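The values are calculated or read from the model by the stated rules, or taken from the named source; none is laboratory data. Note that this is a predicted model, so its numbers are computed, not measured. FYI the Cβ positions are ideal-geometry reconstructions off the backbone, even for glycines, and counts take in every protein chain you see. Side chains included, ligands, DNA and RNA excluded: accessible areas come from the protein's heavy atoms. Shrake-Rupley method; radii C 1.70, N 1.55, O 1.52, S 1.80 Å.
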Amino acid sequence: VQLQASGGGLVQPGGSLSLSCAASGSSFSINIMGWYRQAPGKERELVALISNTRSTNYADSMKGRFTISRDTKNTLYLQMNSLKPEDTAVYYCNAYSCSPSGCSYHWGQGTQVTVSS
């Protein structure tokens, strides 16, 4: 499974931004997909997860502001509203897939989101 993230950029506080992550390869084997982020000097943290049944889970600080979704081709999306400077980070998409040979995690290359006036 290969993941290609896009959509990052510079946005003012209070603004919105949408990220996407296209999956290719054996994407039919994907179960859970998610977004993580890593700010400078900090550890990578969970943003949101979505299962193949579209069940979602959000980190507390993102609830009500961020929305995760995925389509039938396993393209992953993250709609981010009411952005704050502390949301500045590199955002990574992630996929957990399983096949007869086993299960594994896959990471996209990351896309920079900067929230600043």
Check: In the chain, which longest range has no trypsin sites (Lys or Arg not before Pro) that are both DSSP loop (not H, G, I, E or B) and surrounded by at most 13 other Cβ atoms within 10 Å?
Finding: 74-117
Check: Residues of region 1-106: accessible area per residue at 1.4 Å, in Å²?
Finding: 52
Next item on the list: Just grab the label-to-label distance for S104 and S6, each label 7 Å out from Cα along the Cβ direction, in nm (one decimal).
Entry: 2.5
Check: Which number comes out as Rg/Rh for region 69-114 once both Rg and the Kirkwood Rh are worked out on C-alpha atoms?
Finding: 1.08
Check: Radius of gyration and Dmax for region 16-117's Cα atoms, expressed in Å?
Finding: 13.6, 49
Checklist line | Farthest toward positive dipole pole in region 26-87 [+1 Lys/Arg, -1 Asp/Glu at C-beta], among Q38, P85, S69 | finding: S69
Item checked: Cα-projected label distance for E45 with Q79, points at 7 Å along beta-carbon direction, nm -> 2.4
Check: Roughly how big is the chain's charge dipole about its Cα centre, with Cβ charges of +1 (Lys, Arg) and -1 (Asp, Glu), in debye to the nearest 20?
Finding: 140
